[in-house]
Amino acid sequence: MKKDILIIVDVQNDFVTGALGTAEAQQMLPRLLKKAGQFDGEIFLTQDTHSEDYLNTQEGRLLPIPHCIAGTKGWELVPELEALREERKLKAYQKPCFGSEALASDLKELYGKGLLASVELVGICTDICVVSNALMIKSAMPELPVYVDPSCCAGVTPEKHLAALAVMESCQIQRKE
């Protein structure tokens with residue numbers, strides 16, 4: 001039987017209330033949590049995961065704000081999502097950069113076996129990690145319906161959120177509201 005999968009991207013403390021938190025992320029969080037709680041399908045999570053030497057990486061030099069350092073409170077999923085992860089035993093992909101190759105690979109395997117109906121992405125940041133994962137998935141499986149719910153995403157800024165949605169739409173990633 002084919003399944004629908006919801007991918008919740010990087011809903012971690014540092015992106016909501018921490019080092020890179022935004023008012024937009026805080027405002028969309030209740031909608032995302034409601035969607036996740038009611039989702040009738042499988043849910044996968046991603047976690048931005050950096051090490052203590054983050055500032056020595058290319059990303060750290062271009063974005064010199066330490067965040068999502070493995071094992072810190074900022075790296076952890078927001079408490080409500082962590083509770084859902086534990087309750088449903090959800091798989092979390094720790095990724096060192098914007099997109100998760102392991103996630104795309106696992107989805108492609110399900111798709112190749114005829115077990116994947118669609119993928120929907122939500123989370124943070126629309127213009128960095130959500131768009132990166134969406135494009136990786138769509139590139140790997142061009143015939144798979146891939147969706148994004150703009151009401152359950154937050155970008156670095158509202159303008160960048162809208163720009164990322166436009167890019168995804170150009171690449172046939174459909175809005176699901």
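Residue-wise test of (1) surrounded by 16 or more Cβ atoms within 10 Å (Cβ to Cβ); (2) in contact with a strand residue (DSSP E or B) (Cβ under 7 Å, 6 or more places away or on another chain); (3) outside any loop (DSSP other than H, G, I, E, B); (4) charged (D, E, K, R).
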{"site": "Gln26", "(1), (2), (3), (4)": "no, no, yes, no"}
{"site": "Arg31", "(1), (2), (3), (4)": "no, yes, yes, yes"}
{"site": "Lys34", "(1), (2), (3), (4)": "no, no, yes, yes"}
{"site": "Leu45", "(1), (2), (3), (4)": "yes, yes, yes, no"}
{"site": "Arg61", "(1), (2), (3), (4)": "no, no, yes, yes"}
{"site": "Pro66", "(1), (2), (3), (4)": "yes, no, no, no"}
{"site": "Leu84", "(1), (2), (3), (4)": "yes, no, yes, no"}
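For segment 97-109, state whether one or more residues are out of contact with any Pro (no Cβ under 6 Å at 6 or more places or on another chain) and at pLDDT below 95.
Yes - at least one qualifying residue is present in segment 97-109.
Take Glu76 and tell me if it is surrounded by 14 or more Cβ atoms within 10 Å (Cβ to Cβ) and farther than 25 Å from Lys108 by Cα.
Details: surrounded by 14 or more Cβ atoms within 10 Å (Cβ to Cβ): yes; farther than 25 Å from Lys108 by Cα: yes.
Yes.
Which one is surrounded by the fewest Cβ atoms within 10 Å (Cβ to Cβ) among residues in segment 107-142 that are charged (D, E, K, R) and in contact (Cβ under 8 Å) with a residue 12 or more places away in the chain? Please lay out each step first, then the result.
In the first step, residues of segment 107-142 are kept if they are charged (D, E, K, R); the result is 108-109, 113, 120, 127, 138.
Applying the additional criterion that residues be in contact (Cβ under 8 Å) with a residue 12 or more places away in the chain yields 108, 120, 127, 138.
Details: Lys108: 16, Glu120: 23, Asp127: 21, Lys138: 19.
Checked segment 107-142; the qualifying residue surrounded by the fewest Cβ atoms within 10 Å (Cβ to Cβ) is Lys108.
Among the residues of segment 148-169, which ones are over 16 Å from Leu135 (Cα atoms) and touching a Leu at 6+ places or on another chain (Cβ under 7 Å)?
Cys152
Anything in segment 103-130 that is assigned to a helix (DSSP H, G or I), farther than 23 Å from Val167 by Cα and of a type in the set (Gly, Ala, Ser)? List them, or say none. Quick ask: steps written out before the conclusion?
We begin by selecting, within segment 103-130, every residue assigned to a helix (DSSP H, G or I); these are 103-112, 126-130.
From what is left, the residues that are farther than 23 Å from Val167 by Cα are 106, 109-112.
Listed by number, the list holds a single entry, Gly112.
One residue is enough: does segment 146-160 have a residue meeting the conditions of a type in the set (D, E, K, R), surrounded by 14 or more Cβ atoms within 10 Å (Cβ to Cβ), under 22 Å from Tyr93 (Cβ atoms) and modelled with pLDDT under 95?
No, segment 146-160 contains no residue that is of a type in the set (D, E, K, R), surrounded by 14 or more Cβ atoms within 10 Å (Cβ to Cβ), under 22 Å from Tyr93 (Cβ atoms) and modelled with pLDDT under 95.
So is Glu87 among the acidic types (Asp, Glu) and either at pLDDT below 95 or over 18 Å from the mean Cα position of the chain (by Cα) (or both) or not?
yes
Could you count how many residues in segment 120-143 are out of contact with any Ser or Thr (no Cβ under 8 Å at 6 or more places or on another chain), closer than 23 Å to Cys68 by Cβ and of a type in the set (S, T, N, Q)?
Matching residues across segment 120-143 total 2.
What about Gly99, is it touching a strand residue (DSSP E or B) at 6+ places or on another chain (Cβ under 8 Å), closer than 26 Å to Ala23 by Cβ and buried (at least 18 other Cβ atoms within 10 Å of the Cβ)?
Details: touching a strand residue (DSSP E or B) at 6+ places or on another chain (Cβ under 8 Å): no; closer than 26 Å to Ala23 by Cβ: yes; buried (at least 18 other Cβ atoms within 10 Å of the Cβ): yes.
Here the answer is no, as Gly99 does not meet what is asked.
(1) crowded, with 19+ Cβ neighbours inside 10 Å; (2) of a type outside the set (Val, Ile, Thr); (3) in contact (Cβ under 8 Å) with a residue 24 or more places away in the chain: which one isn't true of Tyr54, the others all being true?
Checking Tyr54 against (1) crowded, with 19+ Cβ neighbours inside 10 Å; (2) of a type outside the set (Val, Ile, Thr); (3) in contact (Cβ under 8 Å) with a residue 24 or more places away in the chain, the one that fails is (3).
Can you name the residue in segment 1-25 that is within 15 Å of the chain's Cα centre (by Cα) and of a type in the set (S, T, N, Q) and, of all such residues, is farthest from Leu45 (Cα to Cα)?
In this case the residue turns out to be Asn13.
The values are calculated or read from the model by the stated rules, or taken from the named source; none is laboratory data. The model shown is predicted, which means the values in this text are computed figures rather than measured ones. In this analysis, Cβ positions are derived from the backbone assuming ideal geometry, glycine residues included, and neighbour counts consider all displayed protein chains.
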